[in-house]
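Only one structure is covered here, and it is reproduced in the block below.
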Amino acid sequence: MSSNKGTALITGASTGIGAVYADRLAKRGYDLILVARSKEKLDEVAKEIHSSTSRKAETLQADLSVAADVKRVADRLASDQLITAFVNNAGIASTGKLLESDPDYLDQIIQINITAFTRLAIAAATSFAKRSSGTIVNIGSVVALAPELLNGTYSGSKAYVQNFSTALKNELADKGVTVQVVLPGATATPLWGKSGVNVHTDLPAEWVMTTEDMVDASLAGLDQGEFVTIPALPDVADFEAYEESRLALAPSLSRRDPAPRYGIGTKR
Ligand SMILES: NC(=O)c1ccc[n+]([C@@H]2O[C@H](COP(=O)([O-])OP(=O)(O)OC[C@H]3O[C@@H](n4cnc5c(N)ncnc54)[C@H](OP(=O)(O)O)[C@@H]3O)[C@@H](O)[C@H]2O)c1
């Protein structure tokens, strides 16, 4: 058994990416607090991990679309001094067009992927900053960079994760807390089936990463000190060039004068 690294709280740990994080973090020496709605699946994951690693694996049933449940998990993040890592992973997706979507479901995406995500991240960040240590892994998506793919509310929620993570990392820069944002591409988890897509037959095989490879690459990125980890991107220089050109826009984005192409100055 590896040395004790404290406790990792993982949301969305009953299946998919969260369940693999649970396995990998236990193998790295963390005890676990596993959060999701499905108590039965959480118990299965916890039992399997405890028997293979002997690490403690507690389950915390919570529906992150319900404010009282979000508060319960946030309170645990704020008060449990043994928690040293937080994987902010729970999320739901949609592949449908906006105008064909159930607006209540779009609300749910915002509630889970943005509202709950934010409260939990702030709770963990505040507690970790007080202790000058800790790791926060926010699970975004490549659709943050590619809103042309999938549903605009889903990709917008992941763009939020990206923006929020950048601001959080900057605020925590001198406080001893590590922040990573992970941007997976298509990953073979149950998420796709829930949106009516068969990830194995409806998407080109070369687009789809296994969940194990996705999480292992993300943890390697964390070990390498990456802030943004895009497990599929072959050449990190491509993302760096994108960031550079985004940052180069900054001095021109807010000015007294409208741009000459609008002809406003000439009318004054
Ligand atoms: N799979 C991909 O291709 C892909 C790509 C990019 C990003 N991501 C992101 O990766 C994260 C994990 O997704 P996944 O692919 O692993 O999907 P998944 O297999 O569907 O897992 C989602 C997890 O979130 C939990 N969850 C869903 N609704 C919840 C709620 N209301 N309250 C609490 N927990 C809830 C689910 O558990 P219960 O149902 O038991 O509550 C489950 O544990 C998401 O943020 C997703 O957006 C996935």
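Some values worked out for this structure:
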quantity: Residues of the range 211-268 classified as assigned to a helix (DSSP H, G or I) and touching a residue at least 40 places away in the same chain (Cβ under 8 Å), total; calculated: 10
quantity: Complete set of residues in the range 136-145 that are open to solvent by 30 Å² or more (accessible area, probe 1.4 Å) and part of a helix (DSSP H, G or I); calculated: 142
quantity: Criterion violated by residue 148 - all others in (1) among the acidic types (Asp, Glu); (2) at pLDDT below 95; (3) in a helix (DSSP H, G or I) satisfied; calculated: (3)
quantity: Within the range 32-43, considering residues that are open to solvent by 20 Å² or more (accessible area, probe 1.4 Å) and touching a residue at least 12 places away in the same chain (Cβ under 8 Å), the one farthest from the ligand (Cβ to nearest atom); calculated: 43
quantity: Test: residue in the range 136-159 that is in contact with a strand residue (DSSP E or B) (Cβ under 8 Å, 6 or more places away or on another chain), within 24 Å of residue 80 (Cα to Cα) and touching a residue at least 60 places away in the same chain (Cβ under 8 Å); calculated: yes
quantity: Test: residue 176 is in contact with a Ser or Thr (Cβ under 7 Å, 6 or more places away or on another chain) and closer than 21 Å to residue 225 by Cα; calculated: yes
quantity: Odd one out for residue 29, checked against (1) within 14 Å of the ligand (Cβ to nearest atom); (2) more than 22 Å from residue 111 (Cα to Cα); (3) in a loop (DSSP other than H, G, I, E, B); calculated: (1)
quantity: Which numbered condition residue 179 fails, given (1) away from the ligand (no atom under 13 Å from the Cβ); (2) touching a helix residue (DSSP H, G or I) at 6+ places or on another chain (Cβ under 6 Å); (3) open to solvent by 50 Å² or more (accessible area, probe 1.4 Å); calculated: (3)
quantity: Selection count where residues are within 15 Å of residue 141 (Cβ to Cβ), of a type outside the set (A, V, I, L, M, F, W, C) and open to solvent by 50 Å² or more (accessible area, probe 1.4 Å), scope the range 195-211; calculated: 0
quantity: Residue match in the range 215-228 (condition: among the hydroxyl-bearing types (Ser, Thr, Tyr) and within 21 Å of residue 89 (Cβ to Cβ)); calculated: yes
quantity: Members of the range 151-176 that are open to solvent by 20 Å² or more (accessible area, probe 1.4 Å) and in a loop (DSSP other than H, G, I, E, B); calculated: 173, 174, 175, 176
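The values are calculated or read from the model by the stated rules, or taken from the named source; none is laboratory data. These numbers were taken from a predicted model, which means no experiment stands behind them. Neighbour counts run over all protein chains shown; Cβ positions are idealised from the backbone, glycine included. Each accessible area value is taken on the protein alone, full model and side chains, heavy atoms only, with ligands, DNA and RNA left out. Shrake-Rupley method; radii C 1.70, N 1.55, O 1.52, S 1.80 Å.
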